[in-house]
1. Would you pick out the residues in segment 204-215 that are more than 15 Å from ASN178 (Cα to Cα) and either in a loop (DSSP other than H, G, I, E, B) or in contact with a strand residue (DSSP E or B) (Cβ under 8 Å, 6 or more places away or on another chain) (or both)?
2. Kindly list, by first and then second residue, each pair from a residue in segment 323-346 that is over 17 Å from VAL192 (Cα atoms) and free of Cβ contacts under 8 Å to residues at least 40 places away in the same chain to a residue that is basic (Lys, Arg) and not in a helix (DSSP H, G or I), limited to pairs with Cβ atoms under 9 Å and residues at least 6 apart or on different chains.
3. If GLU35 passes every condition in (1) under 40 Å from the mean Cα position of the chain (by Cα); (2) modelled with pLDDT under 85; (3) surrounded by fewer than 20 Cβ atoms within 10 Å (Cβ to Cβ) but one, which one does it miss?
4. Scan (1) closer than 22 Å to ARG365 by Cα; (2) at pLDDT below 80 for the single condition ARG419 breaks and write down its number.
5. When only residues in segment 288-335 that are closer than 30 Å to GLY354 by Cβ and in a helix (DSSP H, G or I) count, which is farthest from the chain's Cα centre (by Cα)?
6. I'd like to verify a number: residues in segment 284-309 that are surrounded by 17 or more Cβ atoms within 10 Å (Cβ to Cβ) and under 19 Å from VAL228 (Cα atoms), how many?
7. Let me confirm something: among ASP394, ASP387, which residue is loosely packed, with under 15 Cβ neighbours inside 10 Å, more than 39 Å from the chain's Cα centre (by Cα), modelled with pLDDT of 80 or more and not in a helix (DSSP H, G or I)?
8. Considering only residues that are more than 22 Å from ARG77 (Cα to Cα) and either of a type outside the set (Val, Ile, Thr) or touching a helix residue (DSSP H, G or I) at 6+ places or on another chain (Cβ under 6 Å) (or both), which ones fall in segment 113-128?
Amino acid sequence: MTPAENAPRILIADDQEDVLESLRLLLKPEAFVVETADSPERVLAAVRDRDFDAALIDLNYARDTTSGSEGLELLSRLQALDSTMPVVVMTAWGSVELAVKAVQSGARDFVEKPWDNERLLLILRTQVELCRALRRGQRLEAENIALRVGESPTLIATSPAMEPVLELIAKVGPSDANVLVTGEHGTGKEVVARRLHSVSGRAEAPLVTVNVGGLPEGVFASELFGHVKGAFTDAKGDRIGRFEMADGGTLFLDEIANVPFDQQGKLLRTLEIGELERVGSSKTRAVDVRILSATNADLATEVTEGRFREDLLFRLNTVEIRIPPLRERPEDIPVLAMHFLGRVAHKYRKEINGFDEAAMSSLRRHAWPGNVRELAHVVERAVLMADGDMIRADHLGLTQAPREAAQSVDDMSLEEVERALISKAMRRFDGNVSRAAEALGLSRSALYRRLEKYRL
């Protein structure tokens with residue numbers, strides 16, 4: 001951002017041109033960017049269109065020159081539009097009572113005409129700093145909620161099947177290209193996204209992750225684009241969305257196939273022009289965001305069947321990175337297992353050195369319908385069950401034959417039957433959640449909940 005772009009933006013409102021000109025001249029040496037308006041209507045129009053760091057408004061206009069009612073009404077409407085923008089009021093006819101009323105109504109300070117130049121400048125400088133601090137605080141608070149903060153991404157890939165993945169990360173990671181990461185459920189698509197961000201020029205900026213599949217349709221726009229106070233029943237205040245949180249950094253849209261069709265156009269527009277509008281606002285805000293997205297669905301099929309916009313797909317997959325399922329990269333199973341063992345043993349403060357031969361053989365033979373995520377859960381269970389310094393086969397809980405259920409349905413609980421059916425469906429459709437859900441008679445969200453429940 002250039003110095004000019006970072007200069008404080010001040011909005012001045014008065015119905016007298018000589019007053020506006022005097023204030024322009026006063027503020028020019030301060031390097032403020034000054035915009036003026038001569039009526040409440042023009043003030044509101046300006047604030048709807050642009051962000052300001054402070055507003056200096058007269059309390060009296062042509063309709064009423066003494067009571068301040070116009071200015072107080074304008075003050076209220078400005079607060080509704082942007083609760084973070086400080087408003088300083090001024091009047092040539094004001095009394096102490098009117099000034100107090102304005103402050104009680106939300107004004108940050110007041111000045112009387114003719115004003116004292118030094119006092120006016122001090123007030124504006126102070127309010128600009130407070131405004132910027134408040135907005136930074138709101139952004140940081142939102143980021144603390146939304147960001148996935150943790151250790152550097154660990155992408156374990158020693159198998160030949162993962163070589164193309166590593167090559168593509170090395171080639172496109174440093175760029176700003178949008179990348180679509182595809183692969184079955186649990187293959188590590190988020191890990192790849194985090195690695196892409198970590199090797200990019202945006203690595204020091206935020207990486208904001210949002211699971212699109214986990215968003216109820218009614219809050220999608222609010223979560224991604226933000227909202228203003230009063231936009232809907234529960235909108236008690238302004239809130240920035242994930243795009244603004246990620247400004248200057250990277251936004252990772254997981255389960256991108258689940259974007260509601262009626263919202264795909266709005267998402268596409270933001271990706272194309274780098275601008276958005278919060279829900280309930282007509283003010284356009286510029287954002288600089290790199291988009292990484294992921295899905296286990298066949299987006300080409302989704303386009304053909306009318307559930308996903310083709311132009312949005314083109315915008316998302318400048319480059320596509322496919323992650324092979326764990327069964328196609330068996331060389332990685334022992335390495336991944338040892339990696340998870342070290343992490344989980346440390347977490348639970350247990351001294352475990354590794355897997356015995358039978359346990360490792362069992363890991364190698366398993367089909368892993370839940371891929372790397374399932375392996376991580378199996379290892380965690382084994383660490384909890386272990387009573388010595390080695391993981392045995394019985395600690396793993398992989399009691400069934402790898403690809404066929406050895407246990408009779410008559411001997412299984414309802415949950416065991418459900419888990420077996422889901423595992424079978426996931427293997428049948430190569431981890432495609434949409435197709436598996438359809439075959440099982442479940443919604444995608446219902447199947448996701450069960451996959452998490454059974455750690456598949």
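The values are calculated or read from the model by the stated rules, or taken from the named source; none is laboratory data. Being a predicted model, the structure only gives us computed values, none of them experimental. For neighbour counting, all protein chains shown are included, and Cβ atoms are generated from backbone atoms with ideal geometry for every residue, glycine included.
1. Selection gives GLU204, ALA205, PRO206, VAL210, ASN211, VAL212, GLY213, LEU215.
2. Hits for this filter: VAL344/LYS350.
3. The one condition GLU35 does not meet is (2).
4. The number of the failed condition is (2).
5. Here is the first cut: in segment 288-335, the residues closer than 30 Å to GLY354 by Cβ are 323-335.
If we keep only those that are in a helix (DSSP H, G or I) too, we end up with 326-328, 332-335.
Numbers: LEU326: 28, ARG327: 32, GLU328: 32, ASP332: 31, ILE333: 32, PRO334: 34, VAL335: 32 Å.
If we take residues in segment 288-335 being closer than 30 Å to GLY354 by Cβ and in a helix (DSSP H, G or I), then PRO334 is farthest from the chain's Cα centre (by Cα).
6. Counting residues in segment 284-309 that are surrounded by 17 or more Cβ atoms within 10 Å (Cβ to Cβ) and under 19 Å from VAL228 (Cα atoms) gives 2.
7. ASP387
8. Hits for segment 113-128 are LYS113, PRO114, TRP115, ASP116, ASN117, GLU118, ARG119, LEU120, LEU121, LEU122, ARG125.
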